[in-house]
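The values are calculated or read from the model by the stated rules, or taken from the named source; none is laboratory data. These numbers were taken from a predicted model, which means no experiment stands behind them. We place every Cβ from the backbone using ideal geometry, glycine too, and count neighbours over all the protein chains shown.
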Amino acid sequence: MRIGILQTGLAPEALAQDMGDYPDMFARLLDGHGFTFQTWKVVDGEFPKDVLAADGWLITGSRHGVYEDHPWIPPLEQFIRDAFSAHVPVVGICFGHQIVAQAMGGKVERYAGGWAVGATEYDFGDETLRLNAWHRDQVIRAPNGAQVVASNAFCANAALLYDDRAFTVQAHPEFRPEFVDGLMTTRGKGVVPDEVMAAAAAKLDQPIQDKTMAGRIAAFFKQPRA
């Protein structure tokens with residue numbers, strides 16, 4: 001199965017040299033599930049010719065906000081709506097989670113409650129998964145027809161399911177602890193409150209259920225569709 005990665009942001013150069021950029025992280029996360037990958041840097045205006053150029057789409061995280069005025073955001077929203085119409089599955093992570101919600105009529109805002117950083121627990125109903133987070137923006141109102149499938153006290157709409165067409169997650173299952181540690185150094189200082197980063201640093205050694213989340217993503221992509 002061919003997965004098209006729609007890259008909406010770039011990892012800090014100092015970290016990408018050793019840990020890879022976002023598409024590399026997703027290829028590593030989903031290794032062993034039988035996928036091949038091709039990346040389009042939509043953040044640079046590079047888009048696929050149409051939604052049938054891959055069997056499924058994965059939208060990455062980004063340092064940008066979905067509500068910001070960037071020329072590539074409106075065409076990305078239209079691409080998402082076209083994928084919905086064609087029933088080509090879409091997975092969105094962090095920014096990807098938010099842009100799918102916005103494209104389908106939901107509301108994304110900078111959350112008044114502040115930042116989520118590092119190992120964070122999410123209630124998926126049948127199990128609780130600890131995944132790494134790095135966000136201040138949130139889906140404040142889910143679109144009509146979206147089912148909330150994960151939440152916690154800080155983030156009510158932590159994962160959304162749009163029948164068989166999209167599965168989106170606010171957390172970053174592709175982020176390893178060492179990458180979160182690097183983000184705190186390269187992007188966190190002066191932006192994320194010191195106490196939030198200190199709490200995240202204290203949890204860097206906690207195990208995360210990234211492989212469990214990878215299995216959920218893979219199962220969503222592979223489920224039978226008419």
- Note on the structure: Residue set A112, A199, A218, A214; condition hydrophobic (A, V, I, L, M, F, W, C) and either under 22 Å from G65 (Cα atoms) or not in a helix (DSSP H, G or I) (or both); output residue A112
- Item | Flag if V180 is assigned to a loop (DSSP other than H, G, I, E, B), more than 27 Å from A86 (Cα to Cα) and either of a type in the set (A, V, I, L, M) or in contact with an Asp or Glu (Cβ under 8 Å, 6 or more places away or on another chain) (or both) | no
- Task: List every residue pair whose Cβ atoms sit under 8 Å apart, with the two residues 6 or more apart in sequence or on different chains, where the first one lies in the range 2-17 and is basic (K, R) and the second, anywhere, is surrounded by fewer than 17 Cβ atoms within 10 Å (Cβ to Cβ) and at pLDDT 95 or above.
- Result: R2/T36; R2/F37; R2/Q38; R2/D55
- Being among the basic types (K, R) and either surrounded by 15 or more Cβ atoms within 10 Å (Cβ to Cβ) or more than 30 Å from P224 (Cα to Cα) (or both), is that true of even one residue in the range 47-56? no
- Note on the structure: The correct count of residues that are among the small types (G, A, S) and either surrounded by fewer than 18 Cβ atoms within 10 Å (Cβ to Cβ) or over 20 Å from R165 (Cα atoms) (or both) in the range 67-86 is 2
- Message: If I filter the range 96-103 for residues that are more than 21 Å from R176 (Cβ to Cβ) and part of a strand (DSSP E or B), do I get at least one hit?
- Response: no
- Task: Identify all residues within the range 108-135 that are of a type in the set (A, V, I, L, M, F, W, C) and modelled with pLDDT under 95; write none if there are none.
- Result: A112
- Message: Return the residues of the range 164-178 that are crowded, with 21+ Cβ neighbours inside 10 Å and either more than 15 Å from the chain's Cα centre (by Cα) or within 15 Å of H135 (Cα to Cα) (or both); say none if nothing qualifies.
- Response: T168, V169, Q170, A171, H172, P173, E174, F175
- With the condition kept exactly as written, say whether any residue in the range 52-66 is on the phi < 0 side of the Ramachandran plot and without any contact (Cβ under 8 Å) to a residue 40 or more places away in the chain. yes
- Note on the structure: Only one of (1) over 19 Å from the mean Cα position of the chain (by Cα); (2) part of a strand (DSSP E or B) does not apply to Q138, and that is (1)
- Any idea how many residues of the range 186-211 are surrounded by 15 or more Cβ atoms within 10 Å (Cβ to Cβ) and either free of Cβ contacts under 8 Å to residues at least 40 places away in the same chain or closer than 26 Å to H33 by Cα (or both)? 3
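When you scan the range 1-86 for strands (runs of 3 or more DSSP E) that lie fully inside it, which ones turn up with 2 or more residues that are aromatic (F, W, Y) and modelled with pLDDT of 95 or more?
36-40
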